[in-house]
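Peer 1: The structure that follows is given in the form of structure tokens.
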Amino acid sequence: MGRSVTFWFEFASTYSYLSAMRISSAAQARGVAVAWKPFLLGPIFTAQGWDTSPFNIYPAKGRYMWRDMQRICAARGLRFRRPDPFPQNGLKAARLALAAAEQDRIEIFAQAVFRAQFGDGADISAEPVLLDCLHKAGLDAALIERAQSPGIKSALRVQTDAARAAGIFGAPSFTIGTELFWGDDRLEQALDHAAARTI
């Protein structure tokens, strides 16, 4: 098995946006392959007794996060617009991402969704927004139907369960074997760890 990292992301996650826009180039520079894995934080938060994002539960933390996002996006040349409401419902987008993965287009689709949400402030639960993301990713609108299939729905549940079993509690997260790294600020450390593994 070659050097690789599993990138666990949640579409409603602000910091997942940051990682999604840079992980491939950073991984390529280290000779590391990336496996993109969308999952849902909702069930994981519910198990912790939360009914929304911790950035909403703790207002001071939320205020810091939004300002942090403004600074980082400005520094990296990324568009940023705070979506309303927050967090967004990323269920349809996550299912579509799995459908896009069947055509090896998950990365470009996921980036389109993140740009729509955090670059433009769009509602990613709205079908017209998702159709536009499919178009930008070079995917057919018929994937909307595929994303509603029992197989895709089951796959997302299984993937979310796998994230929980791996000890994941937030997004973005990166796993290399049993090693877990959490947060966009740990991306380089995760990739360095993956690159140092013996093939």
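Peer 1: For T46, T6, give me the order by solvent-accessible area with a 1.4 Å probe, most accessible first, ignoring ligands, DNA and RNA.
Peer 2: So the residues, ranked largest to smallest area, are T46, T6.
Peer 1: Also, quick follow-up: Just to make sure I understand: if all protein chains stay in place, what is the order of Y58, Y64 by accessible area at 1.4 Å, largest first?
Peer 2: Y64, Y58
Peer 1: Antiparallel DSSP bridges in the chain: what percent, to the nearest 5?
Peer 2: Of those bridges, close to 55 percent are antiparallel.
Peer 1: In debye to the nearest 20, how big a dipole does the chain give about its Cα centre with +1 on each Lys and Arg Cβ and -1 on each Asp and Glu Cβ?
Peer 2: 340 debye
Peer 1: Rolling a 1.4 angstrom probe over the protein chains, ignoring ligands and nucleic acids, what is the accessible area of R67 in square angstrom, nearest 10?
Peer 2: About 120 Å², rounded to the nearest 10.
Peer 1: Stretched out fully, how many nm does the piece from R81 to D161 gain, at 0.36 nm a residue minus the Cα gap?
Peer 2: Value of the extension gain: 25.7 nm.
Peer 1: Work out, step by step, the length gained on full extension between A35 and W66: first 0.36 nm times the residue separation, then minus their alpha carbon distance; give nm to one decimal.
Peer 2: 8.4 nm
Peer 1: For K92, list the lysines whose Cα falls under 20 Å from its own Cα; do not include residues on the same chain fewer than 8 positions away.
Peer 2: K37, K136, K153
Peer 1: Further, regarding this structure: Multiply the residue gap between S154 and T46 by 0.36 nm, knock off their C-alpha separation, and tell me the result in nm, one decimal place.
Peer 2: 36.9 nm
Peer 1: Could you give the alpha-carbon Rg of the stretch 1-64 over 2.2 N^0.38 Å, rounded to two decimals?
Peer 2: 1.38
Peer 1: When the accessible area of the chain is split by element with a 1.4 Å probe, what percent falls to carbon and sulfur?
Peer 2: Looking at the chain in its full context, I get 51 percent from C and S.
Peer 1: Between the stretch 69-140 and the stretch 18-48, what is the C-alpha centre distance in whole Å?
Peer 2: So the two Cα centres are separated by 14 Å.
Peer 1: Can I ask one more? If you compute semi-axes √(5λ) of the Cα gyration tensor in Å for the structure shown, which of (1) 23, 21, 18; (2) 23, 22, 15; (3) 37, 21, 11 do you land on?
Peer 2: The value matching this structure is (1).
Peer 1: For the chain, what does the helix formula give at 222 nm: sum of -39500 (n - 2.57) over DSSP H segments with n ≥ 4, over the residue count, nearest 500 deg cm²/dmol?
Peer 2: Rounded to the nearest 500, it is -14500 deg cm²/dmol.
Peer 1: Using a 1.4 angstrom probe with every protein chain in place, what is the largest-first accessible-area order of V158, V32?
Peer 2: Order by accessible area, largest first: V158, V32.
Peer 1: Select from W66, V5, I124 the residue farthest towards the positive end of the dipole of the chain; place +1 on Cβ of Lys and Arg, -1 on Cβ of Asp and Glu, and compute about the Cα centre.
Peer 2: About the Cα centre, the residue reaching furthest to the positive side is W66.
The values are calculated or read from the model by the stated rules, or taken from the named source; none is laboratory data. The structure displayed is predicted, hence computed values, not measured ones. Every residue, glycine as well, gets a Cβ built from its backbone with ideal geometry; the counts of neighbours run over all protein chains shown. In case anyone asks, the SASA skips ligands and DNA or RNA and just uses the protein heavy atoms, side chains included. Shrake-Rupley method; radii C 1.70, N 1.55, O 1.52, S 1.80 Å.
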